[in-house]
Amino acid sequence: AVCRYPLGMSGGHIPDEDISASSQWAELDSEDGDGAWCPEIPVEPDDLKEFLQIDLRALHFITLVGTQGRHAGGHGNEFAPMYKINYSRDGTRWI
């Protein structure tokens, strides 16, 4: 699928202050280090507490989400095979 109207993660249109995470080890599109955001500690399927939160500042109709894996410092590719998307208008009540 092709994103016709990207909201700006890779293009830099979403400022850093609009992005928060449960833990951080980040650098989008970086060849240094591990290459992308990843949880600070390994995540087990029964303990899914890691998150990324993006404040889009306005109501948007989201039809496609793309994610980037990481190259893990040359030790193989790692990526999320699945994820859950929640949304909120006030940042406290999530659906």
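The values are calculated or read from the model by the stated rules, or taken from the named source; none is laboratory data. For clarity, every value in this text was computed on a predicted model and none was experimentally measured. Ideal geometry is used to build each Cβ from the backbone, glycine not excepted, and the neighbour counts take in all protein chains shown.
For the range 19-30, what are the residues that are at pLDDT 70 or above and among the hydroxyl-bearing types (Ser, Thr, Tyr)? So that I can check it myself, show each step before the final result.
Pass one, the range 19-30, residues at pLDDT 70 or above: 19-23.
Correct list: SER20, SER22, SER23.
Anything in the range 56-69 that is at pLDDT below 80, surrounded by 11 or more Cβ atoms within 10 Å (Cβ to Cβ) and either on the phi > 0 side of the Ramachandran plot or not hydroxyl-bearing (Ser, Thr, Tyr) (or both)? List them, or say none.
Within the range 56-69, GLN68, GLY69 qualify.
Residues checked against (1) surrounded by 10 or more Cβ atoms within 10 Å (Cβ to Cβ); (2) of a type outside the set (Lys, Arg); (3) modelled with pLDDT of 75 or more; (4) in contact with a helix residue (DSSP H, G or I) (Cβ under 7 Å, 6 or more places away or on another chain):
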position: ASP32; (1), (2), (3), (4): no, yes, no, no
position: GLU44; (1), (2), (3), (4): no, yes, no, no
position: HIS71; (1), (2), (3), (4): yes, yes, no, no
position: ASP90; (1), (2), (3), (4): no, yes, yes, no
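Given the conditions (1) loosely packed, with under 10 Cβ neighbours inside 10 Å; (2) at pLDDT below 80, and given that TRP37 satisfies all but one, which numbered condition is not satisfied?
(1)
I'm told GLN53 meets every condition in (1) part of a loop (DSSP other than H, G, I, E, B); (2) modelled with pLDDT of 70 or more except one. Can you identify the failing condition by its number?
(1)
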